[in-house]
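The values are calculated or read from the model by the stated rules, or taken from the named source; none is laboratory data. Note that this is a predicted model, so its numbers are computed, not measured. When we count neighbours, we look across all protein chains shown, and the Cβ atoms used for this are built from the backbone with ideal geometry, even at glycine. These area figures cover heavy atoms from the full protein model, side chains too; ligands, DNA and RNA do not enter into them. Shrake-Rupley method; radii C 1.70, N 1.55, O 1.52, S 1.80 Å.
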Amino acid sequence: MANDSHRGAVRKLKKGPSVGTGGHGRKALEGKGPTPKAAERTYHKAYKNQELSERSAAKRGAGASNSPRRNSGPKGKATEELVTGRNSVVEALRAGIPAKALYVAVRVDMDERVRESIKLATERGIPLLEAHKPELDRLTEDAIHQGLVLQIPPYEYEDAVDTASEIIAKWKKGHIANAPLIVALDGITDTRNLGAIIRSVSAFSGHAVIVPERRSAGVTAAAWKTSAGAAVRVPVAKAPNLNRAIGAFQKMGFFVLGLDGDGDVSLPDLTLAQEPVCIVVGSEGKGLSRLVRENCDQIVSIPIDSAMESLNASMAVGISLYEISRQRAVKA
């Protein structure tokens, strides 16, 4: 009897779930699916190595210099630009580049550049926004920002034909003393060249700069900086099609002069300086495109030493504008 009682007790103990069975019910016994790959597990060394590789690649793509970056945006829409790094930010603020906000890292190590950046931004009424380093890393796509990021709004381009029409109208009403003088760019993609051209146009009483919709430099932080603030005074307008814009300028009364080494007229012999003029300049390597060249009223060359093949686009524009300005001053 004692043995039977013991066996009954054993049976009772075996009834129901015991430790290690996975608990009650089918759900408790369900698996968690296949084991994730090593590179997908945040705690695994392979994941950390992959993350480091991606960051290094991003930094290499950004370059060692603290160059301006753009926030990604919908295709076809202007995007805001970011200037990163202490030297770049303080120089941009010194140049008077328009800005929406200055981001400063929380507990940033203060030096003269940071202090001056904050001072300049405060004086200009630019909002100061404090952000943690991870947020700045995300905002700049892991560019080297050194705790300082300047946000620049996209440049608002005017329409090329409307701009030229307004300039002609003001001249005819006597609101502009000198005949209209504009510069159009054909295939110039270097933003520093654009900035230098804007500066020359401002220096020699020009009225506007025209850039094509495609394959052309735009008004970026680098262009603002090279223009030394002249971009505030000289409007930059866009032409969806440069050749059509040239045709429209000619109907308004502009004489379109293309700059090229193999010109019909030498710059000192130019006779159209007193008239409304649109100077068209091409890239240093390719020069004027075929259609643009054909649509110009005259092709003008600048006399240079035979040992020199060509001039930089901004230099050629500066020399041409000076000569037109000089001839206008003599006739005045």
* Structure fact -> Across the stretch 202-232, the tally of residues that are at pLDDT below 90 and more than 16 Å from the chain's Cα centre (by Cα) stands at 4
* Answer with yes or no whether V234 is under 28 Å from V83 (Cα atoms), part of a loop (DSSP other than H, G, I, E, B) and among the hydrophobic types (A, V, I, L, M, F, W, C). => yes
* To do: Kindly check whether there is at least one residue in the stretch 102-123 that is under 20 Å from V219 (Cα atoms) and among the hydroxyl-bearing types (S, T, Y).
  => no
* Asked: Does at least one position in the stretch 258-274 carry a residue that is part of a strand (DSSP E or B) and in contact (Cβ under 8 Å) with a residue 40 or more places away in the chain?
  -> yes
* **Failed item in (1) under 15 Å from the mean Cα position of the chain (by Cα); (2) part of a loop (DSSP other than H, G, I, E, B); (3) aliphatic (A, V, I, L, M), with L82 passing the rest** => (2)
* **Candidates G61, G96, G147 - the one that is over 15 Å from the mean Cα position of the chain (by Cα), at pLDDT below 90 and surrounded by 13 or more Cβ atoms within 10 Å (Cβ to Cβ)** => G96
* Filtered residues of the stretch 243-257 (kept if more than 16 Å from S216 (Cβ to Cβ) and not in a strand (DSSP E or B)) -> G247, A248, F249, Q250, K251, M252, G253, F254
* Between a first residue in the stretch 177-191 that is touching a residue at least 60 places away in the same chain (Cβ under 8 Å) and closer than 16 Å to K238 by Cα and a second residue that is charged (D, E, K, R) and surrounded by fewer than 21 Cβ atoms within 10 Å (Cβ to Cβ), which pairs have beta carbons less than 8 Å apart while being 6 or more apart in sequence or on different chains? -> G187/R215; G187/K286; T189/R215
* Does any residue of the stretch 131-141 turn out to be closer than 30 Å to V256 by Cβ and either surrounded by 21 or more Cβ atoms within 10 Å (Cβ to Cβ) or touching a residue at least 12 places away in the same chain (Cβ under 8 Å) (or both)? -> no
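Residue-wise test of (1) over 25 Å from I167 (Cβ atoms); (2) under 27 Å from the mean Cα position of the chain (by Cα); (3) open to solvent by less than 80 Å² (accessible area, probe 1.4 Å); (4) of a type in the set (V, I, T).
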| position | (1), (2), (3), (4) |
| --- | --- |
| Q250 | no, no, yes, no |
| G253 | no, no, yes, no |
| G261 | yes, no, yes, no |
| L272 | no, no, yes, no |
| P276 | no, no, yes, no |
| V280 | no, yes, yes, yes |
| L288 | no, yes, yes, no |
| C296 | no, no, yes, no |
* To do: Identify, from the list R244, R233, the residue that is open to solvent by 20 Å² or more (accessible area, probe 1.4 Å), touching a helix residue (DSSP H, G or I) at 6+ places or on another chain (Cβ under 6 Å) and of a type outside the set (A, V, I, L, M).
  => R233
* V300 passes all but one of (1) over 20 Å from K251 (Cα atoms); (2) open to solvent by 80 Å² or more (accessible area, probe 1.4 Å); (3) β-branched (V, I, T); which number fails? -> (2)
* Unmet requirement for A248, which otherwise passes all of (1) among the hydrophobic types (A, V, I, L, M, F, W, C); (2) more than 18 Å from V201 (Cβ to Cβ); (3) at pLDDT below 95 -> (3)
* Please name all residue pairs, on different chains or six or more residues apart, with Cβ atoms under 9 Å, provided the first residue is in the stretch 320-332 and is among the acidic types (D, E) and the second residue is crowded, with 18+ Cβ neighbours inside 10 Å and in a helix (DSSP H, G or I). => E323/L267
* To do: Looking for whichever is part of a helix (DSSP H, G or I), open to solvent by 20 Å² or more (accessible area, probe 1.4 Å) and small (G, A, S) here; the options are A121, A196, A177. Which one fits?
  => A196
